[in-house]
Amino acid sequence: MKRPKTPLRLELPLIVFLGFFWMAIWRDFTLGTLIVGLIYATIIVRVFYLPPLRGSGRLNPLWGAVFTARFLMKTVAASFQVSWLSVVTGPRVRNSVISVQLRSHDDLIVTLTGHTLSLVPGSLVLDVDRTTATLYLHALDVTSDEDAEKIRLDALTTEALIIRTCGSRSDVAVVKAEKRLGRMSGFSKTERDAPFRRHGPAEVHGGADSASDARITIEEVED
């Protein structure tokens with residue numbers, strides 16, 4: 001399988017980041033270590049078959065500051081929450097694995113969103129379905145469907161801030177459309193659970209048998 005060709009200038013930020021990451025691993029911030037790290041990073045990015053991180057070519061520092069401030073506040077608040085649960089509730093705390101389907105299918109956005117959610121105490125991304133951009137998030141203290149829906153919406157808010165910071169223009173347009181419409185993308189829990197009507201030939205033609213059409217749920221259709 002041949003790796004899709006990506007211009008070097010688009011992968012240069014990733015190579016530079018990996019070079020500094022190499023220095024951080026060795027705890028040796030010298031020019032020689034940086035050069036070695038850049039060489040290894042170039043080989044890994046340009047030779048091995050990896051999903052290309054093409055990037056969007058845009059960066060919004062203002063939304064980046066908003067994202068950083070929100071992340072720090074959530075980290076501090078979640079630290080106190082986890083401490084409280086460990087002392088008061090202990091092993092009786094109820095957890096849940098929640099699927100969160102993201103808006104963007106960009107590998108960089110999915111990766112940044114997953115790492116951001118995992119860095120907040122009390123939550124951890126267990127798995128990622130790259131084909132559908134779905135994160136499977138393990139969360140503490142989830143006692144109801146409403147709690148799970150709040151966590152899902154919070155994860156989508158995190159993704160929206162990352163998209164506004166460095167996402168593609170098409171993803172930004174989706175986020176702006178959501179704000180204009182006053183709702184998140186995808187189905188809400190009510191919409192996922194609600195049955196819908198099967199449109200048969202009789203109903204299309206206005207026949208008398210249209211009233212007898214059964215209402216079926218999404219799960220029944222999948223079966």
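The values are calculated or read from the model by the stated rules, or taken from the named source; none is laboratory data. The shown structure was predicted, so the numbers you read here are calculated from the model rather than taken from an experiment. Cβ atoms come from the backbone with ideal geometry, glycine included; neighbour counts cover every protein chain shown. Quick note on the areas: whole protein, heavy atoms, side chains included, nothing else; ligands and nucleic acids left out. Shrake-Rupley method; radii C 1.70, N 1.55, O 1.52, S 1.80 Å.
Near the amide H of residue 168, under 5 Å away, which other amide H atoms are found, from residues 5 or more places off or on another chain, if H is placed in the peptide plane?
none
Residue by residue through segment 168-183, which ³J(HN,Hα) values in whole Hz follow from phi under the Karplus form 6.51 cos²θ - 1.76 cosθ + 1.60 (θ = phi - 60°), with glycine and proline marked x?
For segment 168-183, the Karplus curve yields 6, 5, 5, 5, 5, 5, 5, 5, 5, 5, 4, 5, 5, 7, x, 7 Hz.
Can you compute the charge dipole magnitude of segment 1-154 about its Cα centre, using +1 on each Lys and Arg Cβ and -1 on each Asp and Glu Cβ, nothing else charged? Give it in debye, rounded to the nearest 20.
With only Lys, Arg, Asp and Glu charged at Cβ, the dipole is about 580 debye.
Accessible area per residue, 1.4 Å probe, Å², for segment 39-153: what's the number?
Spelled out: the 1.4 Å probe surface of segment 39-153, per residue, equals 62 Å².
Which trypsin sites (Lys or Arg not before Pro) does segment 101-156 hold that lie in a coil by DSSP with at most 15 other beta carbons within 10 Å?
130
Just to make sure I understand: if all protein chains stay in place, what is the order of 159, 178 by accessible area at 1.4 Å, largest first? Working shown, then result.
Numbers: 159 0, 178 20 Å².
Largest to smallest exposure gives the sequence 178, 159.
Would you mind checking which residues have amide H under 5 Å from residue 96's amide H? H placed 1.01 Å from N; only 5 or more apart, or other chain.
Residues meeting the criterion, in which the H sits 1.01 Å from N, are 139, 142.
What spacing in nm lies between the two simple spin-label points modelled at residue 173 and residue 40, each 7 Å away from Cα in the Cβ direction?
Spacing of the two 7 Å Cα→Cβ label points: 4.2 nm.
Where does each of 165, 157 land when they are ordered by accessible area, with a 1.4 Å probe and the largest first?
157, 165
May I ask you to evaluate 6.51 cos²θ - 1.76 cosθ + 1.60, the Karplus curve with θ = phi - 60°, for each residue of segment 143-153 and list the ³J(HN,Hα) values in order in whole Hz, giving x for glycine and proline?
So the J values, rounded to whole Hz, are 10, 7, 5, 5, 4, 5, 5, 5, 5, 5, 5.
By accessible area of protein heavy atoms, probe 1.4 Å, what ranking do 84, 63 get, highest first?
On the way: 84 165, 63 80 Å².
Sorted descending by solvent-accessible area, the residues read 84, 63.
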